[in-house]
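Notes for the one structure printed next.
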There are 2 protein chains.
Amino acid sequence: MLSVIPKSISFNGRALSQNFRHSCHSNGNMSEQGEVFERPDTVVVDPPLEKHHTIEPFAFLTSVKESERKYNVLLISNQAFKTDLKTIWVHCGLVVCSDGGANRLHDYFANDQERGDYLPNYIVGDFDSLRDDVRGFYKSKGVKIIPQYGQYSNDFQKSVRCIQLHYSFLEQGRQWLEVDEDDGLKEIWENEFGGASDIQIRIYALSVIGGRFDQTIQSINQLYILHQKEPNLHLFFITNDDLIFLLYKGVNYVMYPNRAIFCKNMSSPPLCGLLPLGDKPVTLNSFGFRYDVQNWLTKMMGQVSSSNRVVGKKGFIVECSEDISMNVELSL
Amino acid sequence: MLSVIPKSISFNGRALSQNFRHSCHSNGNMSEQGEVFERPDTVVVDPPLEKHHTIEPFAFLTSVKESERKYNVLLISNQAFKTDLKTIWVHCGLVVCSDGGANRLHDYFANDQERGDYLPNYIVGDFDSLRDDVRGFYKSKGVKIIPQYGQYSNDFQKSVRCIQLHYSFLEQGRQWLEVDEDDGLKEIWENEFGGASDIQIRIYALSVIGGRFDQTIQSINQLYILHQKEPNLHLFFITNDDLIFLLYKGVNYVMYPNRAIFCKNMSSPPLCGLLPLGDKPVTLNSFGFRYDVQNWLTKMMGQVSSSNRVVGKKGFIVECSEDISMNVELSL
């Protein structure tokens, strides 16, 4: 268990039991519950002393230096989004459109001049939804268009391979090889690079979560699986309401310059949840939430922490016995 | 295993392997996969001969007789929705607004005359979001308004208790008792009715799923937990894209008059998914989907069936080793 988590700190809050019950609905097994500590609106949380994963989920809103931007990827899929694209764009070093995601990017702008200022680096997919006019426009602007007609992977997986290859070629100072239009990305990735990389890359996937529920859950499934298969990739889903990402087994320090970066409306601390959507129950210890927990077992059909709040001023700590997904409210 | 599921039937489809890989992303454990059978666009699926749960998820679009409508409840929560309320309303025998859900109902209509034609039966909650003008309007129309300020339950749970009590009082020919404004619904439910009922009730919860992801997952958690605690309640979430509900451990026959009832655009069969969001892996057998499965183990971080399609003409069968949630595309 984390030694840095204080059992109690002074605060002015309503009765713990009331608020906590409101946030954490349990199936009634009291022995599962571990301990819960209520925190004030703001708490200073220093980085843990022990070995930990450092996660900077809001890099897509803060990266300025080229060395920071370089490994932030914006991945645009084919669903409506309300996010302010230009705000994100400047902080990302690479933009990939997944099939009809290119239509969304194209239609986001009012005219070709603006469109020309926001060109993606790649358009990838089986192109069952990419419009001809969109393909024509981006082709004329020199965007690399990579058809992958094979149906053993979906467009998201094809885009992920394109991203891996982009950075792997770049690192080795190599030019792109010719890509077979069936399943060429996968072949190159496996044959040239052994299907692995240790380049740390953040992928910000826009417009993936929030439509049909089976697609949402399949994407969450991919979030967990991708980390097991390609641990150099760090996947974040940007929805119209929040940012969804994975915390890794062990100790995590999630850091940000300040909370107003991702939550403009700071009348209350940003809402969040810890969501045990893997295949095992998770024991949690945390420091930096309205309702911090110690030795708290969470699982579906049991107690789940929702409507919690981020009170860590510049970061929070979560120790988990298994990978666990979390969401943090976004208001940009 | 179900004896009624044919291993193969004649069909005209693309190669199974291609489509199936597209739909069911696996973590690569081939031994998990069981068997998969591709079906044509339409298959006749008779009710199973063995003991089974009959589920009619689309009753909110088809119930006409008073005896059918009576036990369909429309529960409106405080989130934006695109659903055509009037289409649903006529098929529901009871309407409950959960706190600010009453604002949504109020603002859905252009004028008071129309509003007066669509009055809810109850407004329940801690009223931290119910507007004064809305409360005033519905009070003047005789709607029963039940404040429940206690914070040990959330507004959804309070509304569920109100629904249980409504039918329990009705069945016994009793009038409502006076409800204490702190936690009175729970007290009456437990003291007068022992916290249980065997009246079979369908609750159609509008505008619950699709906002912040922790709220979505907490609601799915409640879907599973509610069935364990109060098995007379059958909960359905209506989202802007689909209907989400639970299939029960054992054999399920999901029936409907025809698919056009819930999916106006029948150029392709309605999309669906089987989503193992409980706390255990689930072994599935199915008959009536594009990709039917036999002895197919599904779990998060493993293989999950998404982008499947409903091909059963008037119903489909799912046998599952544990409760499992599913979604079906709605286009009304």
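The values are calculated or read from the model by the stated rules, or taken from the named source; none is laboratory data. Just so it is clear, the structure is predicted and the values come from calculations on it, not from any experiment. Backbone-built Cβ (ideal geometry, glycine too); neighbour counts: all protein chains shown.
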**Asked** If we scan region A:170-187, do we find a residue that is within 22 Å of B:I217 (Cβ to Cβ), in contact with a Gly (Cβ under 7 Å, 6 or more places away or on another chain) and surrounded by fewer than 24 Cβ atoms within 10 Å (Cβ to Cβ)?
**Response** no
**Asked** Quick check: anything in region B:188-211 farther than 22 Å from B:L247 by Cα, charged (D, E, K, R) and surrounded by fewer than 21 Cβ atoms within 10 Å (Cβ to Cβ)?
**Response** yes
**Complete:** Of the residues in region B:51-103, those that are touching a strand residue (DSSP E or B) at 6+ places or on another chain (Cβ under 6 Å) and among the aromatic types (F, W, Y) come to B:F60, B:Y71, B:F81
**Request:** Might you let me know whether region B:65-76 holds any residue that is closer than 28 Å to A:S306 by Cβ, surrounded by fewer than 16 Cβ atoms within 10 Å (Cβ to Cβ) and of a type in the set (K, R)?
**Result:** no
**Request:** Tell me which residues, restricted to region A:186-233, are at positive phi and at pLDDT 95 or above.
**Result:** A:G194, A:G195
**Prompt:** Just wondering, is there one or more residues in region A:256-270 that are assigned to a strand (DSSP E or B), out of contact with any Asp or Glu (no Cβ under 8 Å at 6 or more places or on another chain) and not acidic (D, E)?
**Reply:** no
**Message:** Between a residue in region A:186-208 that is within 13 Å of A:F169 (Cβ to Cβ) and any residue that is assigned to a helix (DSSP H, G or I) and of a type in the set (K, R), which pairs come within a Cβ distance under 8 Å, given they are 6 or more apart or on different chains?
**Reply:** A:W189/A:R161
**Message:** Criterion first (within 12 Å of another protein chain (Cβ to nearest Cβ) and in contact (Cβ under 8 Å) with a residue 60 or more places away in the chain) does A:L246 satisfy it?
**Reply:** yes
**Complete:** Of B:Q215, B:Q222, the only residue that is within 11 Å of chain A (Cβ to nearest Cβ) and without any contact (Cβ under 8 Å) to a residue 40 or more places away in the chain is B:Q215
**Request:** From the list B:R14, B:R39, B:R21, pick out the single residue that is at pLDDT 60 or above, among the basic types (K, R) and over 14 Å from B:V254 (Cβ atoms).
**Result:** B:R39
**Prompt:** For region A:253-282, how many residues are among the basic types (K, R) and either more than 10 Å from chain B (Cβ to nearest Cβ) or surrounded by 24 or more Cβ atoms within 10 Å (Cβ to Cβ) (or both)?
**Reply:** 2
**Item:** Residue within region B:260-267 that is polar (S, T, N, Q) and at pLDDT 95 or above present
**Value:** no
**Asked** Quick check: is even one residue across region B:125-138 more than 12 Å from B:N78 (Cβ to Cβ) and not in a helix (DSSP H, G or I)?
**Response** no
**Asked** B:S325 fails exactly one of the following numbered conditions: (1) outside any strand (DSSP E or B); (2) surrounded by fewer than 24 Cβ atoms within 10 Å (Cβ to Cβ). What is the number of that condition?
**Response** (1)
**Prompt:** Would region B:184-195 turn up any residue that is within 14 Å of chain A (Cβ to nearest Cβ), over 30 Å from A:N327 (Cα atoms) and of a type in the set (G, A, S)?
**Reply:** yes
**Prompt:** Which of the residues that make up region A:223-250 are surrounded by 21 or more Cβ atoms within 10 Å (Cβ to Cβ) and in contact with a Lys or Arg (Cβ under 7 Å, 6 or more places away or on another chain)?
**Reply:** A:H234, A:F236, A:D241, A:D242
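So that you can scan it fast, the table gives a plain yes or no per residue for (1) of a type in the set (G, A, S); (2) within 19 Å of A:Q215 (Cβ to Cβ); (3) crowded, with 20+ Cβ neighbours inside 10 Å; (4) modelled with pLDDT of 95 or more:
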position: A:G101; (1), (2), (3), (4): yes, yes, yes, yes
position: A:R104; (1), (2), (3), (4): no, yes, yes, yes
position: A:Y118; (1), (2), (3), (4): no, no, no, yes
position: A:Y122; (1), (2), (3), (4): no, no, yes, yes
position: A:F137; (1), (2), (3), (4): no, no, no, yes
position: A:S140; (1), (2), (3), (4): yes, no, no, yes
position: A:G150; (1), (2), (3), (4): yes, no, no, no
position: A:F156; (1), (2), (3), (4): no, yes, yes, no
position: A:S159; (1), (2), (3), (4): yes, yes, yes, yes
**Asked** What is the residue count in region A:283-305 for residues that are among the aliphatic types (A, V, I, L, M) and closer than 24 Å to A:D46 by Cβ?
**Response** 2
**Asked** Tell me, which residue of region B:283-332 that is more than 11 Å from chain A (Cβ to nearest Cβ) and among the β-branched types (V, I, T) is nearest to B:V254 (Cα to Cα)?
**Response** B:I317
**Asked** What helices (runs of 4 or more DSSP H) lie completely within region A:152-255 and have 1 or more residues being under 18 Å from A:D99 (Cβ atoms) and within 12 Å of the chain's Cα centre (by Cα)?
**Response** A:213-229
